[in-house]
1. Pairs needed: first member in the range 218-232, of a type in the set (Val, Ile, Thr); second member anywhere, open to solvent by 60 Å² or more (accessible area, probe 1.4 Å); C-beta distance under 7 Å; at least 6 residues apart or different chains.
2. Take residue 93 and tell me if it is touching a helix residue (DSSP H, G or I) at 6+ places or on another chain (Cβ under 9 Å), without any contact (Cβ under 8 Å) to a residue 40 or more places away in the chain, of a type outside the set (S, T, N, Q) and crowded, with 19+ Cβ neighbours inside 10 Å.
3. Would you tally the residues in the range 57-72 being closer than 13 Å to residue 13 by Cβ and not β-branched (Val, Ile, Thr)?
4. Residues of the range 26-37 being hydrophobic (A, V, I, L, M, F, W, C), surrounded by fewer than 16 Cβ atoms within 10 Å (Cβ to Cβ) and either in contact with a helix residue (DSSP H, G or I) (Cβ under 8 Å, 6 or more places away or on another chain) or part of a loop (DSSP other than H, G, I, E, B) (or both), which ones?
5. Name the pairs: first residue in the range 2-18 and in contact (Cβ under 8 Å) with a residue 12 or more places away in the chain and crowded, with 22+ Cβ neighbours inside 10 Å, second residue of a type in the set (A, V, I, L, M, F, W, C) and assigned to a loop (DSSP other than H, G, I, E, B), Cβ to Cβ under 6 Å, at least 6 apart or on different chains?
6. Give the residues of the range 27-52 that are among the hydroxyl-bearing types (Ser, Thr, Tyr) and closer than 24 Å to residue 206 by Cα, sorted by residue number.
7. What number of residues in the range 112-146 are part of a helix (DSSP H, G or I), open to solvent by less than 40 Å² (accessible area, probe 1.4 Å) and in contact (Cβ under 8 Å) with a residue 24 or more places away in the chain?
8. Inside the range 38-68, can you point out the residues that are open to solvent by less than 10 Å² (accessible area, probe 1.4 Å) and either free of Cβ contacts under 8 Å to residues at least 12 places away in the same chain or not in a loop (DSSP other than H, G, I, E, B) (or both)?
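The values are calculated or read from the model by the stated rules, or taken from the named source; none is laboratory data. Computed from a prediction, not measured in an experiment: that's the story for all the values here. Note that we place each Cβ from the backbone using ideal geometry, even for glycine, and neighbour counts take in every protein chain shown. With ligands, DNA and RNA removed, areas are computed over all heavy atoms of the protein, side chains included. Shrake-Rupley method; radii C 1.70, N 1.55, O 1.52, S 1.80 Å.
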Amino acid sequence: MGVVAELILIRHGQSLANVAFPAADAKGLLEVELSGRDAEVPLSELGVEQAEAVGAWLAALPAGHRPEVVITSPYLRARETWRIAAEAAGLPLPAPRTDDRLVDRLLGDLEMLTRAAVAARFPGEAARLAEAGLYEYRPPGGESFGDIRIRLSSFLEDLHAEHADRRVVVVAHDSVVLMFRAVLEDLDWDGVAAVEKSAGSVRNASISRFLRNGENKLELDRYNVIDHLPPA
């Protein structure tokens, strides 16, 4: 079976939700000043700047290292990150397509709720989370990290079959980038926890990259890198 030559994983730029929810949680608020579905949350002004910085990074790549295939999450923040990055790069980059298997972790009934709202409306979830553990906990109507792992395994099988020997960019979400590592490195949950402890949470507009090695497997080259971004 063939394998892609390179897999670059880009988390979307900062979204309005990335700003609103930490602020609301810090104050214990039940509501945030955002409406609509998670899939429709746009980038913040900083997120736009971060996407432009990703474009500058793409423009600096040697011609023989530029992406040949681009696949994004269907969520607005991921699609906009690539659109802005591609425009900023000013290069004839491939047209992107979306894949539903790249969506952010589905939180079901807890989508777009603050921590205080979850505690008020679903008081039993804290105990369920503690019992199941962070990575195996499945919110009502939502999915666990293990569920993400399953859909990414399917995605990778199709990716290798359809795009063997090509350089691929995926623009998605923090949970997706983390679970790509779990799948590609065959990590158990202790291994996943170790990744997060050593590298931190996947940052907005960060770049992670896997390269094909001599054993025809994808091997980690860099992870959660933000050197290309302007100082915060």
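1. 226/203
2. Numbers: touching a helix residue (DSSP H, G or I) at 6+ places or on another chain (Cβ under 9 Å): yes; without any contact (Cβ under 8 Å) to a residue 40 or more places away in the chain: yes; of a type outside the set (S, T, N, Q): yes; crowded, with 19+ Cβ neighbours inside 10 Å: yes.
Yes: the conditions hold for residue 93.
3. The first filter runs over the range 57-72 and keeps only residues closer than 13 Å to residue 13 by Cβ, leaving 57, 72.
Going one step further and asking which of them are not β-branched (Val, Ile, Thr), we end up with 57.
Total meeting the criteria: 1.
4. Initial filter on the range 26-37 (hydrophobic (A, V, I, L, M, F, W, C)): 26, 29-30, 32, 34.
Filter once more, keeping what is surrounded by fewer than 16 Cβ atoms within 10 Å (Cβ to Cβ): 26, 30.
Hit for the range 26-37 is 30, nothing else.
5. 11/202; 13/205; 15/41
6. So the first thing to find is which residues in the range 27-52 are among the hydroxyl-bearing types (Ser, Thr, Tyr), and the list is 35, 44.
Across the range 27-52, the qualifying residue is only 44.
7. Looking only at the range 112-146, we keep the residues that are part of a helix (DSSP H, G or I), and these are 115-121, 125-132, 145-146.
Right, trim to open to solvent by less than 40 Å² (accessible area, probe 1.4 Å) and you get 116-118, 125, 145-146.
This time we only want the ones that are in contact (Cβ under 8 Å) with a residue 24 or more places away in the chain, so: 116-117, 145.
Matching residues across the range 112-146 total 3.
8. Passing the criteria: 47, 51, 54, 55, 58.
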